[in-house]
Amino acid sequence: MKKKWLRRTLYTIILLFGLLCITFIWADNELNKILGKSTEVINIDRFVKSNKIVQIRNANILSEDCSYFIRNKDVILKEGKIVQIGTNLLLNSNNMIIDGTSKYLIPGLIDSHAHLRESKNDLFLYLVNGVTYIREMAGNPMILDWRKEINKNGIGPRLYVASPPIYSESGLMGYYYAWTRQSIDYSNKNGAQKAIKKIKQDGYDAIKMYGFVNPETFKATIEIAKENHIPVIGHIPLVSLDIFYSSGQIEIAHIEEITKKTIDDFGKSIAKNPEEYINFLKLRSNQIAKKLKENNISVTSTVWLCESFMEQRFDLKSKLKEVELKYVNPKIIEGTPIHKLGWLPGKNAYEYDGKNNPEARRRSFTYWKTYAEAIHIMVKALIDNKVTLIAGTDSSVATVVAGFSLHDELESLTKSGMTNTQALYSATVAPSNWMKSSTGKIKVGYNADLVLLSKNPLDNIKNTKTIENVFFGAHMINKTQIKDILKSIERANNKNRSVKIDEYLIEK
């Protein structure tokens, strides 16, 4: 009898272990699937032109402070650099000549908060939108390899790559977050030293701080990062704003990181007390901005995403129809049954949960409306106090389409109080200066990362979309090639699509 019981127990343990292994394998496959690697990568080489010398003739070129256009200038590009700017420069029949008459030449745009995941076609979505530099805010070894490849052949946006996000979990929870969120976890100074040493050796440009990091781990990270000469950027961890100002972190990855801290300080429900909270924030926003300025902390925007939360929550189908959904990697938008990690109805984490309680729905609506209003108030305070504000989108988060989203962000920034000049500056000069990069200006000696537009973006910021040519290093694409690239990405997506999206496509 005892042997029989032991045998049954052993069989049960084996069965449970087998089920656990199967569940783990399935879950791991699902988490990898939504990164988008399974979608076919298009052959970008056949669309891109490479020329040793390009001469852009008679264009209006954006001034270095982005405040006006200098009329009728020639710009010569050689081997990926701007080598000459002048008027009526001599033509050379061996050069490629681009007619810039009545057109507007601006520096290549920079998205300072991007997430590529493992969706390589997104690199090309940035290029066709005139985005020639991105700051990847949760890197991994694959993206580091893409950067090496781009540095070698030049076909792709330049990449600044932050580390995977830092968490301060230990034990099983540490392993769980490392698995599900590709995070780096440590909970003591020794762990921080090992992790940051490896981050530096692997070639990451910065350490990505996450919001749930405890004060002790945050302090250790800052100290050891400073010793290793690597900046700490990202979210505000579990410390007060007063502690954060002088912490040594040099950048905040979202404006909403600031407003969320003020919501905590408010200490009441903003859904029940919206006007009181807004007044509370108005009294503090300038003081917060002054402290950020004093401590030389820059802020990345992601305003459009925050504005979208209410629409995604209560009118998701309409919101999906506003974005270029057909170009998004299908495995990113389709999500997984494990958790709401997709974009579509039923898979979108921002979507209202469907409770049939009118009062709960009303409070949720009030909360997200107030949330967006708070973002706008904070943007204005940052502008007024001359805080370094850089344009970023949080691309690949639900409804934020790689490349296209930066144009949306610039519109949101101007609606929030930026001039068109300031918006262009936030997506060119400001991030370039922050990264200490020779791009972001039309200047001799700088990288030949440029966009030729048919309309003036200083008249209307929407004109950043009127792209005639994109120059990136020693390469370029024109309007026809841009259309062909987009068609190729759409075809690749359709081959790997499991859920039809016709009802959400933009009507033209």
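State all residues of the range 329-386 that are assigned to a strand (DSSP E or B) and not hydroxyl-bearing (Ser, Thr, Tyr); if no residue qualifies, say none.
Selection gives HIS339, GLY342, ASN348.
How do the pairs read when you match residues in the range 27-52 that are among the acidic types (Asp, Glu) with residues anywhere that are surrounded by 15 or more Cβ atoms within 10 Å (Cβ to Cβ) and part of a helix (DSSP H, G or I), using Cβ under 6 Å and keeping only pairs 6 or more apart or on different chains?
Pairs found: GLU40/ALA492.
Would you say ILE14 is among the hydrophobic types (A, V, I, L, M, F, W, C), modelled with pLDDT under 95 and more than 30 Å from ALA423 (Cβ to Cβ)?
Criteria met by ILE14.
Among LYS495, LYS436, which is at pLDDT 95 or above, open to solvent by 30 Å² or more (accessible area, probe 1.4 Å) and on the phi > 0 side of the Ramachandran plot?
Working: LYS495 fails: on the phi > 0 side of the Ramachandran plot.
Residue meeting the stated conditions: LYS436.
Output the residue which, of all residues in the range 48-65 that are in contact with a strand residue (DSSP E or B) (Cβ under 8 Å, 6 or more places away or on another chain) and outside any strand (DSSP E or B), is modelled with the lowest pLDDT.
ASN51
Hey, does the range 163-184 have a residue that's at pLDDT 95 or above and either hydroxyl-bearing (Ser, Thr, Tyr) or surrounded by fewer than 21 Cβ atoms within 10 Å (Cβ to Cβ) (or both)?
Yes, the conditions are met somewhere in the range 163-184.
Going by the structure shown, is ILE461 out of contact with any strand residue (DSSP E or B) (no Cβ under 9 Å at 6 or more places or on another chain), touching a residue at least 40 places away in the same chain (Cβ under 8 Å) and either open to solvent by 40 Å² or more (accessible area, probe 1.4 Å) or among the aliphatic types (A, V, I, L, M) (or both)?
Yes; evaluated as a whole, the condition is true for this residue.
Which numbered condition in (1) touching a helix residue (DSSP H, G or I) at 6+ places or on another chain (Cβ under 7 Å); (2) among the small types (Gly, Ala, Ser); (3) modelled with pLDDT under 95 is the only one that ALA220 fails?
Status for ALA220: all satisfied but (3).
Return a yes/no flag: does the range 311-333 have any residue that is among the basic types (Lys, Arg), open to solvent by 10 Å² or more (accessible area, probe 1.4 Å), touching a Gly at 6+ places or on another chain (Cβ under 7 Å) and within 13 Å of THR399 (Cα to Cα).
The answer is no, given that none of the residues of the range 311-333 is among the basic types (Lys, Arg), open to solvent by 10 Å² or more (accessible area, probe 1.4 Å), touching a Gly at 6+ places or on another chain (Cβ under 7 Å) and within 13 Å of THR399 (Cα to Cα).
Being surrounded by fewer than 19 Cβ atoms within 10 Å (Cβ to Cβ), of a type outside the set (Lys, Arg), over 18 Å from the mean Cα position of the chain (by Cα) and more than 27 Å from ASN58 (Cβ to Cβ) narrows it down to one residue among THR414, THR466, THR421; which is it?
None of the other options fit; the residue is THR414.
State all residues of the range 187-205 that are more than 22 Å from ALA253 (Cα to Cα), small (Gly, Ala, Ser) and either open to solvent by less than 20 Å² (accessible area, probe 1.4 Å) or not in a loop (DSSP other than H, G, I, E, B) (or both); if no residue qualifies, say none.
Correct list: GLY191 only.
Report the residue count in the range 289-308 for those that are assigned to a helix (DSSP H, G or I), open to solvent by less than 10 Å² (accessible area, probe 1.4 Å) and hydrophobic (A, V, I, L, M, F, W, C). Break it down into steps so the answer makes sense when it comes.
Taking the range 289-308 as the starting set, the residues that turn out to be assigned to a helix (DSSP H, G or I) are 289-294, 303-308.
Subset that is open to solvent by less than 10 Å² (accessible area, probe 1.4 Å): 289, 292, 303, 305-306, 308.
So of that shortlist, the ones also hydrophobic (A, V, I, L, M, F, W, C) come out as 289, 292, 303, 305-306.
Going through the range 289-308 one residue at a time, the tally reaches 5.
Can you find, within the range 206-246, the residue that is nearest to LEU389 (Cα to Cα) among those that are of a type in the set (Val, Ile, Thr) and assigned to a loop (DSSP other than H, G, I, E, B)? Steps first, please.
So in the range 206-246, the residues of a type in the set (Val, Ile, Thr) come out as 207, 213, 217, 221-222, 224, 230, 232-233, 236, 239, 243.
Checking the rest, the ones that are also assigned to a loop (DSSP other than H, G, I, E, B) come to 213, 230, 236, 239.
Values: VAL213: 24, ILE230: 21, ILE236: 16, VAL239: 22 Å.
Here the residue is ILE236.
Among the residues of the range 207-254, which ones are within 15 Å of MET137 (Cα to Cα), surrounded by 20 or more Cβ atoms within 10 Å (Cβ to Cβ) and of a type in the set (Val, Ile, Thr)?
ILE207, VAL232, ILE233, ILE236, ILE252
Tell me which residues, restricted to the range 130-159, are touching a helix residue (DSSP H, G or I) at 6+ places or on another chain (Cβ under 8 Å) and open to solvent by 10 Å² or more (accessible area, probe 1.4 Å).
The answer is TYR133, PRO141, LEU144, TRP146, ILE150, ILE155, ARG158, LEU159.
With the structure loaded, tell me whether THR388 is within 26 Å of THR132 (Cβ to Cβ), β-branched (Val, Ile, Thr) and open to solvent by 50 Å² or more (accessible area, probe 1.4 Å) or whether it fails that test.
Yes, satisfied.
The values are calculated or read from the model by the stated rules, or taken from the named source; none is laboratory data. Being a predicted model, the structure only gives us computed values, none of them experimental. We place every Cβ from the backbone using ideal geometry, glycine too, and count neighbours over all the protein chains shown. Only protein heavy atoms, including side chains, enter the accessible area calculation; ligands, DNA and RNA are left aside. Shrake-Rupley method; radii C 1.70, N 1.55, O 1.52, S 1.80 Å.
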